[in-house]
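The structure appears right after this line, and notes come after that.
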Amino acid sequence: MSDCLAVFGTTYETLRAEDFFREHGIKFRPVLKPRKIGSACRMALQFSMDGIEAAKAAVRDGNLALDAFYRKDGDGWEKIDNT
């Protein structure tokens, strides 16, 4: 699974997002959010970069409070456009 993360504002919102990701057919796994990424929530959803458009649709359809999407960039994480 190529590294892409969806980071939400709260654990509750991350758990809600799981349902919408499933509905949109996105293969994902819940992970601990890397410390370098700022957010109050300690969880994130990791998925393939191939699923980014479906993930954006899931966030819109669920009216989810997304902090940001990130992709793996070497040893760090790069924030990517959320639109």
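No value in this document is a laboratory result; all are computed from the given coordinates. Bear in mind that the values here come from a model prediction, so they are computed numbers and not experimental data. Cβ sites come from the backbone with ideal geometry, for glycine too, and all protein chains shown count toward neighbours.
Select from region 15-68 the residues that are among the β-branched types (Val, Ile, Thr) and farther than 15 Å from residue 80 by Cα and list them in ascending order.
26, 31, listed by residue number.
Can you name every residue in region 14-45 that is closer than 16 Å to residue 3 by Cα, in contact (Cβ under 8 Å) with a residue 24 or more places away in the chain and in a loop (DSSP other than H, G, I, E, B)?
Selection gives 26, 27, 33, 34, 36, 37.
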